[in-house]
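Input: a single structure, listed below in structure tokens.
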Amino acid sequence: MGAGLLPDRRFHSGSRGAIVTALVSSKDARTKSPQAIGGKALALAELVEEGFQVPPFFVIPSEIFQKGRLAEDHRSAIGDACAGLSGSRFAVRSSGAAEDGVAESHAGQFLSRLEISAEDVPATAEEVFASGLGDGVSAYRAARGITEKNMPSVIVQAMVDARAAGVAFAAAPVTGRRDQILVTAPEGLGDAL
């Protein structure tokens, strides 16, 4: 599958920065702003555009959630979108506007769930979305003087059978030094990170 998946009327391909009220395919994600789909989703789209092998994904923009819930038509579209991705298990991940950003990473602040069945993706997406209201996120933002309180969008991505997985920081996480890079990659899915 990959970058061109799911050309469907329930997916949005509008202009960068516009409010997004439909699912966004990995192909169209590169045309969006971090405010529309989150920093992590935009970074994944950039990797796809550069030719990296990124597991297929789509994005559920935060604007789709109404009072933290997904409408039935969006649940149906999510089911269709999952069917268009490879495999039967999915990672359901946050993608906040300020997440994975240049100034702040929000590392570990939002929820991610792994090995989710297609049937459970909508409810899990609601749970990941709600993690934007968590006490830990509020404390993280307050400690750093971040006033942005946008809720995260949600990435649904095909699971891969990983030998190792992890996280890379382009700056030392404690000191912020940009001449130091930290990579942590334990065996397996990296879900303990």
A careful count of residues in the stretch 167-182 that are in a loop (DSSP other than H, G, I, E, B) and surrounded by 15 or more Cβ atoms within 10 Å (Cβ to Cβ) gives 1
Residues (at pLDDT 60 or above and open to solvent by 40 Å² or more (accessible area, probe 1.4 Å)) located in the stretch 84-109: Ser86, Gly87, Ser88, Arg89, Arg93, Gln109
Within the stretch 131-150, identify whether any single residue is at pLDDT 90 or above and out of contact with any helix residue (DSSP H, G or I) (no Cβ under 6 Å at 6 or more places or on another chain), and answer yes or no. no
So how many residues does the stretch 41-94 have that are of a type in the set (Lys, Arg) and over 21 Å from Ala162 (Cβ atoms)? 3
Under 6 Å between Cβ atoms, at least 6 apart or on separate chains: pull out the pairs that start in the stretch 136-164 with a residue that is farther than 22 Å from Ser26 by Cα and end on any residue that is assigned to a loop (DSSP other than H, G, I, E, B) and modelled with pLDDT of 70 or more. Ala164/Ala185
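Evaluate the following for Glu119: is it open to solvent by 20 Å² or more (accessible area, probe 1.4 Å), modelled with pLDDT under 90 and over 15 Å from the mean Cα position of the chain (by Cα)?
Numbers: open to solvent by 20 Å² or more (accessible area, probe 1.4 Å): yes; modelled with pLDDT under 90: no; over 15 Å from the mean Cα position of the chain (by Cα): yes.
For Glu119, the condition - open to solvent by 20 Å² or more (accessible area, probe 1.4 Å), modelled with pLDDT under 90 and over 15 Å from the mean Cα position of the chain (by Cα) - is not met.
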List the helices (runs of 4 or more DSSP H) inside the stretch 1-79, counting only whole elements, that have at least 2 residues being open to solvent by 40 Å² or more (accessible area, probe 1.4 Å), modelled with pLDDT of 90 or more and over 25 Å from Ser117 (Cβ atoms). 39-49
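The values are calculated or read from the model by the stated rules, or taken from the named source; none is laboratory data. Note that this is a predicted model, so its numbers are computed, not measured. Glycine gets a Cβ as well: all are built from the backbone with ideal geometry, and neighbour counts include every protein chain shown. With ligands, DNA and RNA removed, areas are computed over all heavy atoms of the protein, side chains included. Shrake-Rupley method; radii C 1.70, N 1.55, O 1.52, S 1.80 Å.
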